[in-house]
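Asker: If you scroll down you'll find the structure; I have some questions about it.
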Amino acid sequence: MIDPHTHSTASDGTLCPRDLMKAGSAAGLTIIGLTDHDTIAGWEEASAALSCAGLALLRGMEMSIQIEGEVYHLLAYLFSPSDERLRNHCEVVARSRRERAQRIVERLGEVMDLSWHEVYEVARTKSSRGKETSSDVILGRPHIADAMVSRGIVASRREAFERYLGAHSPYYLPHYAPPACEAIEWVRSAGGQCVLAHPRSRTRGRALKDATVRELAEVGLFGIEVDHREHSPRDVAELALLAERFHLARFGSSDYHGAGKPNHLGERTTAPAVVELLIANCQMEVLRP
Ligand code: AMP
Ligand code: FE
Ligand code: FE
Ligand code: ZN
């Protein structure tokens, strides 16, 4: 059972990488993909937990990308962690995410008692729990939501998104993301492969057009997430056909975020043959216990 797309406290998940590995094992997974948003900061801790957790680790990252002025997500797997352009991507996006979170909190400050300091502390404390030093967390709207929850302004991340943080909210602001084709080129030249994440998810506004998927396939996209909780049965059927038409591998995942979302590990999975093909096309290895 392979679940190739999950999040830890290195970004907006609520389990630290070590606990995520253990939870993956408890859920019966044989391979787990760690794909935090725009960071590989969780790879080391997850690798160190391999033998104790007893499942294999597929190292990845969910990159923010831009298509026609909107932000979408691209799963990047098994690329060299020392690649200059990808390291630069992480730095530039982290900075933009932080500035953007600050600006969203400023706007929200007009209608609620919430400070940037609180949001930052919530994010930092979660990401460094149980560690000597705190590495910087990738800031996202879920951290703003968490601060609202601790303040008692809302009951859950979900409520925070519905009332204040959604893409159509007056408080919403985007962050910087590079063009999709460039990101694919960077990952491939760093020895990795890319999978388009939840292309029909409408939580961020617009669903991706088929013509866009074709263009991405032409520049070397490896696969596409078909099986995902934010896809309707009709989306799944249409995406499965799209995958066949453009020769893209069919992926499925939980997109697990710990307690931050109702998604549970292994609720959707990817076929072993697909993951084997992915690995065969990458320069880095899956880490085994
Ligand atoms: P951001 O990366 O700051 O644009 O925030 C988007 C992230 O928020 C996504 O990756 C999801 O993890 C999370 N998210 C979006 N909608 C919800 C929701 N309704 N409840 C919980 N988390 C959400
Ligand atoms: Fe997320
Ligand atoms: Fe995503
Ligand atoms: Zn995700």
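Asker: Using Cα pairs closer than 8 Å and at least 6 residues apart in sequence, work out the relative contact order for segment 232-271, in percent.
Answerer: For segment 232-271, the relative contact order is 31 percent.
Asker: Kindly rank 9-21, 158-170 from highest to lowest mean number of other beta carbons found within 10 Å of each residue.
Answerer: Per-residue mean Cβ counts within 10 Å order the peptides as 9-21, 158-170.
Asker: Now for a separate question. When only C-alpha pairs under 8 Å and at least 6 residues apart count, what is the relative contact order of the chain, in percent?
Answerer: Result for the chain is 25 percent.
Asker: Hey, how many Å between the Cα centroid of segment 218-269 and the Cα centroid of segment 152-216?
Answerer: First find each Cα centre; the distance between them is then 14 Å.
Asker: Cβ neighbours within 10 Å, averaged per peptide: list 82-93, 222-233, 28-39 in order, most packed at the top.
Answerer: Answer by packing, highest mean first, reads 28-39, 222-233, 82-93.
Asker: Right, another one. Taking every pair of Cα atoms in segment 7-47, average 1/r, invert it to obtain the Kirkwood radius, and report Rg/Rh to two decimals.
Answerer: Value, to two decimals: 0.93.
Asker: Could you tell me which of Cys194, Leu248, Ala145 has its Cα farthest along the dipole of the chain towards the positive end, charges placed at Cβ (Lys, Arg +1; Asp, Glu -1), taken about the Cα centre?
Answerer: Result: Ala145, furthest along the dipole toward the positive end.
Asker: Can you put His264, His257 in order of Cβ neighbours within 10 angstrom, beginning with the fewest?
Answerer: His264, His257
Asker: Using the alpha-carbon atoms, what tilt in degrees (0 to 90, nearest 10) does helix 180-189 show relative to the longest principal axis of the chain?
Answerer: So the helix axis and the longest Cα principal axis differ by about 60 degrees.
Values quoted throughout were computed directly from the atomic coordinates according to the rules given, and no laboratory measurement underlies them. None of the values given here were measured: they were computed from a predicted structure. Reconstructed Cβ throughout: ideal geometry from the backbone, glycine too, with neighbour counts over all protein chains shown.
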